[in-house]
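Inspection log for the structure reproduced underneath, given as structure tokens.
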Ligand SMILES: Cc1cc2nc3c(=O)[nH]c(=O)nc-3n(C[C@H](O)[C@H](O)[C@H](O)COP(=O)(O)O)c2cc1C
């Protein structure tokens, strides 16, 4: 089963955390997972993916303009409806708007008929209410969280599909 992670990253933080999610996804047997910068998505792989996870840097307290543009112009062409979907963010500050960014992406996914998931409190600690968030000045301390998130998304995809 294929799973795509798509991200926007200008200075590398969101790209690094996308790689951690891929590591978590690949820890589940039978999962083929790849991360793509939104400028370079393998559309065949993304279309064939049962799950899509989108990562954004927080800009102005929400997702970046490039993420907005990508969702408006590219997502519909990837047979998004019915895919499992999740979102993650990197930011400078814990109060910088990452939850807002993630929730706005998840809302957009719902418009496409995607099945949004984060694991919430259902899988115990660490709780991941909306999607994982990493603070740019301390990325290594968030790596394990992002791997766990990837593993949980893969397990949910296998359960559903
Ligand atoms: C234009 C711009 C706006 C930003 N706005 C916020 C913000 O509102 N809140 C925040 O916590 N960080 C903000 N940041 C910091 C980025 O979210 C943070 O550095 C992020 O990890 C960058 O990701 P990247 O390395 O993948 O590009 C902003 C950065 C830029 C360039």
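The values are calculated or read from the model by the stated rules, or taken from the named source; none is laboratory data. Just so you know, these numbers come straight off a predicted model, no measurement behind them. So basically every Cβ, Gly included, is an ideal-geometry build from the backbone, and we count neighbours across all protein chains shown.
Given (1) away from the ligand (no atom under 11 Å from the Cβ); (2) closer than 21 Å to residue 26 by Cα; (3) in contact with a strand residue (DSSP E or B) (Cβ under 6 Å, 6 or more places away or on another chain), identify the lone condition not met by residue 145.
Going through the list (1) away from the ligand (no atom under 11 Å from the Cβ); (2) closer than 21 Å to residue 26 by Cα; (3) in contact with a strand residue (DSSP E or B) (Cβ under 6 Å, 6 or more places away or on another chain), residue 145 breaks only (3).
Across region 19-55, which residue is nearest to residue 140 (Cα to Cα) among those that are within 16 Å of the ligand (Cβ to nearest atom) and in contact (Cβ under 8 Å) with a residue 60 or more places away in the chain?
Among those residues, the one meeting the criterion is 20.
Has region 100-120 got any residue that is surrounded by fewer than 16 Cβ atoms within 10 Å (Cβ to Cβ) and closer than 17 Å to residue 149 by Cα?
Among the residues of region 100-120, at least one is surrounded by fewer than 16 Cβ atoms within 10 Å (Cβ to Cβ) and closer than 17 Å to residue 149 by Cα, which makes the answer yes.
Given the conditions (1) within 21 Å of residue 33 (Cβ to Cβ); (2) part of a helix (DSSP H, G or I), and given that residue 141 satisfies all but one, which numbered condition is not satisfied?
Every listed condition holds for residue 141 apart from (1).
Could you tell me which numbered condition residue 96 fails, if it satisfies all but one of (1) surrounded by 15 or more Cβ atoms within 10 Å (Cβ to Cβ); (2) in contact (Cβ under 8 Å) with a residue 24 or more places away in the chain; (3) under 16 Å from the mean Cα position of the chain (by Cα)?
Result: residue 96 fails condition (3) only.
If you check residue 12 against the conditions, is it free of Cβ contacts under 8 Å to residues at least 12 places away in the same chain and either closer than 22 Å to residue 110 by Cα or within 13 Å of the ligand (Cβ to nearest atom) (or both)?
Taking the combined requirement at face value, the residue satisfies it.
Quickly run through region 112-126 and pick out the residues that are farther than 13 Å from residue 152 by Cβ and either within 16 Å of the chain's Cα centre (by Cα) or free of Cβ contacts under 8 Å to residues at least 12 places away in the same chain (or both).
Answer for region 112-126, where residues must be farther than 13 Å from residue 152 by Cβ and either within 16 Å of the chain's Cα centre (by Cα) or free of Cβ contacts under 8 Å to residues at least 12 places away in the same chain (or both): 112, 114, 115, 116.
So is residue 86 more than 12 Å from the ligand (Cβ to nearest atom), surrounded by 16 or more Cβ atoms within 10 Å (Cβ to Cβ) and either modelled with pLDDT under 95 or within 25 Å of residue 140 (Cα to Cα) (or both) or not?
For residue 86, the condition - more than 12 Å from the ligand (Cβ to nearest atom), surrounded by 16 or more Cβ atoms within 10 Å (Cβ to Cβ) and either modelled with pLDDT under 95 or within 25 Å of residue 140 (Cα to Cα) (or both) - is met.
Looking only at region 89-105, decide whether some residue is away from the ligand (no atom under 16 Å from the Cβ) and either in contact with a strand residue (DSSP E or B) (Cβ under 8 Å, 6 or more places away or on another chain) or not in a strand (DSSP E or B) (or both).
Within region 89-105 (the criterion being away from the ligand (no atom under 16 Å from the Cβ) and either in contact with a strand residue (DSSP E or B) (Cβ under 8 Å, 6 or more places away or on another chain) or not in a strand (DSSP E or B) (or both)), the answer is no, since none of the residues qualifies.
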